[in-house]
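Colleague: Below you will find the structure I want to go over with you.
The values are calculated or read from the model by the stated rules, or taken from the named source; none is laboratory data. Predicted, not measured: the structure shown is a model, and the values here were computed from it. Positions of Cβ are backbone-derived with ideal geometry, glycine not excepted, and every protein chain shown enters the neighbour counts. Only protein heavy atoms, including side chains, enter the accessible area calculation; ligands, DNA and RNA are left aside. Shrake-Rupley method; radii C 1.70, N 1.55, O 1.52, S 1.80 Å.
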Amino acid sequence: CYAGIAKRIVEANHIVITTHRKPDGDAMGSVIGLCRGLKSIGKQVENIFIGPIEHGLKLSAGDTPIRVIEEDGLPSDDPDLVIVVDTGAWAQLEKLTPWLKDRKEIVIGLDHHANGDDVAKERIVDTSAAACTQIVMALFEEMGIGLGTGKDSIAEALFIGLGTDTGWFRFSNADARCFSDASKLLECGIDRYQIYRTLEETARPARMELLQR
């Protein structure tokens with residue numbers, strides 16, 4: 001399954017990556033991690049997000065440009081391949097649905113949720129994964145793509161997904177595989193404390209006022 005998806009990625013040149021509306025940390029980490037990894041092997045890569053995107057998540061994208069459909073519109077050129085991550089539900093892709101349906105033959109999916117529609121003709125669905133970034137990590141291992149080191153690395157993006165989707169390793173889905181993958185990512189020299197601060201301690205005053213109310 002991973003080999004088949006890897007083959008389609010290798011054969012494509014221009015790739016667009018997207019995820020569900022109002023992305024969480026796993027959606028953002030999966031998209032940004034894929035962008036960085038596929039750019040590292042010479043692919044032309046774009047992302048497209050359906051907003052809104054929280055302030056901390058925008059910061060977490062680091063040096064990777066992000067495209068938001070409400071502000072930037074759809075990609076201008078037709079891609080060879082579209083990758084949809086962390087969802088397989090049309091209801092979560094509403095603003096992209098017509099665009100995706102027009103390109104159904106080139107859409108593939110990576111997800112860890114059991115339920116899904118016919119969004120992608122070919123998908124990897126691993127419900128044993130605590131986060132979709134673990135599926136991206138396994139795909140990169142299949143493709144021989146390294147995870148980089150330090151700030152703005154692939155590893156940093158993947159850790160964001162793993163940390164947030166497990167409640168920073170407090171939830172029941174934080175199993176042995178989860179901690180094993182987290183260990184591999186931490187070996188890449190990422191700053192887990194700074195990642196946590198960026199995501200959890202950078203709320204704007206308006207958000208704090210809302211929480212207070």
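Colleague: Just the residues that are open to solvent by 10 Å² or more (accessible area, probe 1.4 Å), in a helix (DSSP H, G or I) and not β-branched (V, I, T), please, taken from the range 7-44.
Modeller: K7, R8, E11, R36, K39
Colleague: Residues D86, D80: which one is surrounded by 15 or more Cβ atoms within 10 Å (Cβ to Cβ), of a type outside the set (A, V, I, L, M) and in contact with a Ser or Thr (Cβ under 6 Å, 6 or more places away or on another chain)?
Modeller: Going through D86, D80 in turn, just one is surrounded by 15 or more Cβ atoms within 10 Å (Cβ to Cβ), of a type outside the set (A, V, I, L, M) and in contact with a Ser or Thr (Cβ under 6 Å, 6 or more places away or on another chain): D86.
Colleague: Same structure again: Would the range 142-156 turn up any residue that is part of a helix (DSSP H, G or I) and under 20 Å from E200 (Cβ atoms)?
Modeller: Within the range 142-156, one or more residues are part of a helix (DSSP H, G or I) and under 20 Å from E200 (Cβ atoms).
Colleague: Can you tell me how many residues within the range 63-77 are surrounded by 15 or more Cβ atoms within 10 Å (Cβ to Cβ), over 13 Å from the mean Cα position of the chain (by Cα) and in a loop (DSSP other than H, G, I, E, B)?
Modeller: Adding up the residues that qualify gives 2.
Colleague: Before we move on, is K101 of a type in the set (D, E, K, R) and either out of contact with any Lys or Arg (no Cβ under 8 Å at 6 or more places or on another chain) or modelled with pLDDT of 95 or more (or both)?
Modeller: When the stated conditions are applied, K101 passes them.
Colleague: Within the range 93-112, how many residues turn out to be assigned to a helix (DSSP H, G or I) and aliphatic (A, V, I, L, M)?
Modeller: The total comes to 3.
Colleague: Which of the residues belonging to the range 92-112 are open to solvent by less than 80 Å² (accessible area, probe 1.4 Å) and either of a type in the set (D, E, K, R) or within 18 Å of the chain's Cα centre (by Cα) (or both)?
Modeller: Q92, L93, L96, L100, R103, V107, I108, G109, L110, D111, H112
Colleague: If I go through the range 21-46 residue by residue, how many of them are over 23 Å from H113 (Cβ atoms), in contact with a helix residue (DSSP H, G or I) (Cβ under 7 Å, 6 or more places away or on another chain) and not basic (K, R)?
Modeller: 1
Colleague: Every residue in the range 174-197 that is touching a residue at least 24 places away in the same chain (Cβ under 8 Å), open to solvent by 50 Å² or more (accessible area, probe 1.4 Å) and either within 16 Å of V31 (Cβ to Cβ) or part of a loop (DSSP other than H, G, I, E, B) (or both), please.
Modeller: D175, G189, D191
Colleague: Across the range 113-134, what is the number of residues that are open to solvent by less than 20 Å² (accessible area, probe 1.4 Å) and either assigned to a loop (DSSP other than H, G, I, E, B) or in contact with a His (Cβ under 6 Å, 6 or more places away or on another chain) (or both)?
Modeller: Summing the residues that are open to solvent by less than 20 Å² (accessible area, probe 1.4 Å) and either assigned to a loop (DSSP other than H, G, I, E, B) or in contact with a His (Cβ under 6 Å, 6 or more places away or on another chain) (or both) in the range 113-134 gives 6.
Colleague: Within the range 153-173, how many residues turn out to be open to solvent by 30 Å² or more (accessible area, probe 1.4 Å), among the hydroxyl-bearing types (S, T, Y) and touching a helix residue (DSSP H, G or I) at 6+ places or on another chain (Cβ under 9 Å)?
Modeller: Count: 1.
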